[in-house]
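Heads up: the structure comes next, in structure tokens.
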Amino acid sequence: DSGSLGVHDVGGLVDTSGELVDRQYAYWEREIHALLIFLARNKHLSVDELRRAVESLEPEMYNILTYYERWTSALCSLLIERGLITRHDLEISMGEQAKDSEPTFLVGNKIRVKPEGTTRRWRKPHLRIPGYIHGAIGTVEAVRGYFQDPAYAAFREQSPPQPLYTVRFNIHDIWASFPNASARTDTVTLDIFQPWLESAQGAVPELNETTSLSNASNSADSCSFAVDGQQTSHGSIESHGHGDENAHEHGHQHLSRLEVECRAVEREGEEFPLQPLADALILTLERRGLVTRSDLRLIVDSLDTIKRQGHGSRLVARAWVDLEFKQRLLKDASAAAAELGIQASNYARASSVDFSVHPEHTRHEAGETLLRVVENTVSDHHLVVCTLCSCYPVAVLGLSPDWYKSRRYRAMAVREPRALLREFGLHLDDAVALHVHDSTAEVRYMVLPRRPAGTDEWDEARLAALVTRDCMIGVALPHAYPPAATTAVAALSPPP
């Protein structure tokens, strides 16, 4: 299911399958986030362009890929679209590229059409292989010579000419679950390029209706990485061969010890099908002289620092002990944050601006985000979400949690927010008004939670330690002592 705008529009959907999981992002995911920041900062592309590219992903692909795999796919498409890299560059970095080769198969050979996997897609290609035939076994009827591969030609890209075969298939074998639909002598022929074929000598057709229809669904709008048929290895770019003359100079990634250790740990855990593509993208940009690993490492470190230093927690603690600062924070969060040396926008302005003076007339720079702080009170509670993607005050809270990006959180937050909060263990009294803020544009929201009772004598540093990320999103409350699992907001004492 999806909303009227497309698969990314999930606000209010009834299908909220999945779990609200909070996991540590792998290093490659943080690196891809850093890459977007670097590319936007250097005017190579914009966040809006990234959103458009993510929203253009096929629904099946969008739902299969993880958040930063979608970013990887979108960035590849955008950078090729902008002419900054080419698909050929990516293939070289992946250790796979189309090669001019002699025909592998002879008339009479049994072959299998390679299945089109959805897990390595990164753009929608132009394919001339019907979905129903993927995985089918047939017999080579003729070798038709060399032709330009349409999968490349559709994008005005060059590739070595590929052998084209006419292959005959038995219709009864393809549609085995429809035994009366055709005679065993009925056949269909297709013309298929060599990269999509593999030997099937001695194999017995095993296709049935379920397999065929599944393949058709997967392939109808397929966008597989590599040579649209030559599936790339699932291994890391670090282990690719030295087939080109520049392999010695460019064939290795020179990573820091920390990065090497992080990647080694990641390979032992969850598999991300597009992680090798993410590595290849960064390597390609390095070769083009557009970015270095050091550039990205600095940004990753800065994102990690935001979380460690607790910028948001410092703002909340100061507001709790300084009423005048709180008023300034609620009126102009950017200016108030600057008092503590905190940049509240995801974009650094060339000059400072007082947004509190006639804010309706302020002209904001391209890419600039505006932080708005909303205050919880004894009668009001605030919750932050982005139903279209994952807009979030990264500059003050660091990277958003994985569950914040999930379909379940984004769908439930605007349809049944109280039920959603109960899943986080937060039970709102019916007398408390709940206000949901859907961050669909350039405004980023942060919740100023109520100060817990029993903290009157606490200093600012001790108070800051109570303020968690979840409190500032609105799915939790700060407590001076471990809370009971079913504590209601209305039962808490008003702040001092």
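The values are calculated or read from the model by the stated rules, or taken from the named source; none is laboratory data. Just so you know, these numbers come straight off a predicted model, no measurement behind them. For neighbour counting, all protein chains shown are included, and Cβ atoms are generated from backbone atoms with ideal geometry for every residue, glycine included. Surface areas here come from the heavy atoms of the whole protein model, side chains and all, with no ligands, DNA or RNA. Shrake-Rupley method; radii C 1.70, N 1.55, O 1.52, S 1.80 Å.
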> Quick one: D48 ticks every box in (1) modelled with pLDDT of 90 or more; (2) farther than 23 Å from A280 by Cα; (3) open to solvent by less than 20 Å² (accessible area, probe 1.4 Å) bar one, so which box is it?
Replying inline: (3)
> Which members of segment 329-340 meet the condition of being open to solvent by less than 80 Å² (accessible area, probe 1.4 Å), in a helix (DSSP H, G or I) and free of Cβ contacts under 8 Å to residues at least 40 places away in the same chain?
Replying inline: S334, A335, A336, A338
> How many of the residues in segment 158-168 are among the aromatic types (F, W, Y) and surrounded by fewer than 21 Cβ atoms within 10 Å (Cβ to Cβ)?
Replying inline: 0
> Of all the residues that make up segment 96-114, how many are part of a loop (DSSP other than H, G, I, E, B), in contact with a helix residue (DSSP H, G or I) (Cβ under 9 Å, 6 or more places away or on another chain) and at pLDDT 70 or above?
Replying inline: 4
> Looking only at segment 386-397, which residues are under 25 Å from Q309 (Cβ atoms), touching a strand residue (DSSP E or B) at 6+ places or on another chain (Cβ under 9 Å) and open to solvent by less than 20 Å² (accessible area, probe 1.4 Å)?
Replying inline: C386, C391, Y392, P393, A395, V396, L397
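Give R462, R422, R418 a once-over and let me know the one that is open to solvent by 10 Å² or more (accessible area, probe 1.4 Å), without any contact (Cβ under 8 Å) to a residue 24 or more places away in the chain and within 19 Å of Q309 (Cα to Cα).
Only one candidate qualifies: R462.
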> Given (1) farther than 30 Å from G95 by Cβ; (2) at pLDDT 95 or above; (3) open to solvent by 60 Å² or more (accessible area, probe 1.4 Å), where does N376 come up short, assuming only one miss?
Replying inline: (3)
>> Can you list residue pairs whose Cβ atoms sit under 6 Å apart, with the first residue in segment 364-376 being outside any strand (DSSP E or B) and the second being of a type in the set (K, R) and at pLDDT 85 or above? Count only pairs 6 or more apart in sequence or on different chains.
In response: T369/R444; N376/R450
> Only one residue in P160, P195 is outside any helix (DSSP H, G or I), at pLDDT 75 or above and within 30 Å of L75 (Cβ to Cβ). Which one?
Replying inline: P160
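If you go through segment 470-496 one residue at a time, how many are at pLDDT below 95 and either at positive phi or in a helix (DSSP H, G or I) (or both)?
Residues flagged as at pLDDT below 95 and either at positive phi or in a helix (DSSP H, G or I) (or both) within segment 470-496 amount to 3.
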> Can you tell me which residues in segment 420-463 are out of contact with any strand residue (DSSP E or B) (no Cβ under 7 Å at 6 or more places or on another chain) and within 19 Å of V394 (Cβ to Cβ)?
Replying inline: T440, A441
>> Would you confirm whether or not segment 64-77 contains a residue that is at pLDDT 90 or above, basic (K, R) and surrounded by 21 or more Cβ atoms within 10 Å (Cβ to Cβ)?
In response: yes
> What residue, among those in segment 124-157 that are part of a strand (DSSP E or B) and of a type outside the set (A, V, I, L, M), is surrounded by the fewest Cβ atoms within 10 Å (Cβ to Cβ)?
Replying inline: G145
> If a residue has to be small (G, A, S), in a loop (DSSP other than H, G, I, E, B) and more than 26 Å from G310 (Cβ to Cβ) to count, how many in segment 425-453 make the cut?
Replying inline: 2
>> Step by step: first the residues of segment 172-188, then only those that are part of a helix (DSSP H, G or I) and open to solvent by less than 50 Å² (accessible area, probe 1.4 Å), then the one that is farthest from I133 (Cα to Cα). Which residue is that?
In response: H172
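Just wondering, is there one or more residues in segment 316-324 that are at pLDDT below 90 and of a type in the set (D, E)?
Step one: of segment 316-324, the residues at pLDDT below 90 are none.
No; the residues of segment 316-324 include none that is at pLDDT below 90 and of a type in the set (D, E).
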>> Give all pairs with beta carbons closer than 6 Å in which a residue from segment 307-328 that is open to solvent by less than 20 Å² (accessible area, probe 1.4 Å) meets a residue that is assigned to a loop (DSSP other than H, G, I, E, B) and of a type in the set (A, V, I, L, M, F, W, C); count only pairs at least 6 apart in sequence or on separate chains.
In response: S313/V467; V316/V467
